[in-house]
Every structure is written in structure tokens, then in C-alpha cells.
Amino acid sequence: MIARHYEDLQSAPRFPLHLAASVKSMGTAYAAETENISANGVLLAMDNDVPVGSMVDFTILLPAEVVGARRNVQLDCRGRVVRSFEDRGRRAVGVVIDEYHFERA
């Protein structure tokens, strides 16, 4: 019920995209997978916890067929962790995106 309430408060639609991601926080790198993405943020599934309030840099590789491009596109982001909870045996880490830019992969 808490998760549902949080979804009701979100300001942008979320899209269920499961893409590989790499996350860096406080000098440590982690592997992750996106659970969903919106214009404002991303929910990451990870094996490690990143505390709420942490600043993170993360990269998501967008496959060409997903974005309608000829080549893969790399999305580099900087953001902050706004929630963290256990979900199906992994950590779910919600990140608000503060900055981003696209690069051809």
C-alpha cells in the first residue's frame, strides 16, 4: 500500500524499461538494472544499498531499437537517491535525475 501511495504522488508517467545500468556513489561502482524510467527519475534494481540522500552518477545504455536510432545511445546522469527499499530479494533505489546528457555509444 505504501508503494501504491508513492506512485500516486509521482509527477511523470513511468515506463517499464529493463536496461543495464552502472551506478557510482562515493567512489564505489555498482551494477544495476532499470525497473522503470520517467522524465524525472529512475528506479534501479541493485544488489547493494545506496543510502537515501546520496549523490549518484549513473549510465544507462539505450539500445538503438528502443530509441529508434541507428546506433545505441548512452545516457549519462547525475542525481540523488530519494528512496531505497527491498523488493523481491534485491534493493530498489529510486533516483531523481538532476542532470543528464546523451552520447552516441
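Each label was represented as a point 7 Å from its Cα along the Cα-to-Cβ direction; for SER38 and ARG14 these points are 0.8 nm apart. Taking a point 7 Å out from the Cα of VAL52 in the direction of its Cβ, the residues of the range 80-105 whose backbone N falls within less than 17 Å of it are 80-87, 91-97. GNM remark for the chain: springs join alpha carbons under 10 Å apart, and the peak mean-square fluctuation among ARG80, ARG91, ARG71 falls on ARG71.
Ranked for footprinting exposure by Cβ neighbours inside 10 Å, fewest first, VAL93, VAL52, VAL23, VAL73 give VAL52, VAL73, VAL23, VAL93.
Amide H contacts for ASP98 (H built 1.01 Å from N in the peptide plane; partners 5 or more residues away or on another chain; cut-off under 5 Å): ARG78, GLY79, ARG80. A compact globular protein would have a Cα radius of gyration near 2.2 N^0.38 Å; the ratio found for the range 7-98 is 1.04.
What length, rounded to one decimal in nm, is gained on full extension from HIS101 through to ALA64, with 0.36 nm per residue of separation minus their alpha-carbon distance? It would help to have the intermediate numbers written out before the result.
Numbers: separation 37, 0.36 × 37 = 13.32 nm, distance 1.63 nm.
Working it through step by step, the gained length comes to 11.7 nm.
No lab work stands behind these numbers, since they all come straight from the coordinates. A quick note: this is a predicted structure, and the numbers were derived from the prediction, not measured. Using ideal geometry, Cβ is built from the backbone for each residue, glycine included, and neighbour counts are taken over all protein chains shown.
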